[in-house]
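The values are calculated or read from the model by the stated rules, or taken from the named source; none is laboratory data. Because the structure is a prediction, the values reported are computed rather than measured. Using ideal geometry, Cβ is built from the backbone for each residue, glycine included, and neighbour counts are taken over all protein chains shown.
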Amino acid sequence: MLPRVPVLFAFALLLAACAAFAPKFERPTLTVVSINLAGGNLLQQNFRVTLRIHNPNDRTLPVKGLTADLRVSGDEIASGTMDHPFTVSALGDTDFDITIKANMALALLKLQQHGDNRADGIAYDLAGEIALDLPFFRTMTFHQTGSLNL
């Protein structure tokens, strides 16, 4: 029983040393650069959205894919995925395109409701997950909120 104590102590020291050298990553930020209509019908529209990802870290960020959902007043009105890998340079920015499918009937209903309330803006939430090609970080979530002026 006594030999187990030094082994457990050595294992605890090894874990502490690994934690001290583990890479620290800050969450990347996403901003919308442009939105272009890419087709659709009366109830659903497809948009090509160009996003800019900023890497605040001192090492490259290999992105395997991304999923995003847009909510307005708590209701999801658009979602999309991107599965083309790319790399964001250290402390750099990269633009990429994602196809977003929007439920236009729900979006118009929300805008109408807010128009009736005489609101100056409509609150939105953009949330999703970035799939990374890193050994210790497989995914990073992002969440941004804001208000669109009406």
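Structure notes:
- Note on segment 36-72: residues that are touching a residue at least 40 places away in the same chain (Cβ under 8 Å) and surrounded by fewer than 13 Cβ atoms within 10 Å (Cβ to Cβ) total 2.
- Taking the criterion of being in a strand (DSSP E or B), at pLDDT below 85 and surrounded by fewer than 16 Cβ atoms within 10 Å (Cβ to Cβ), the residues of segment 90-126 that qualify are G121, A123, D125.
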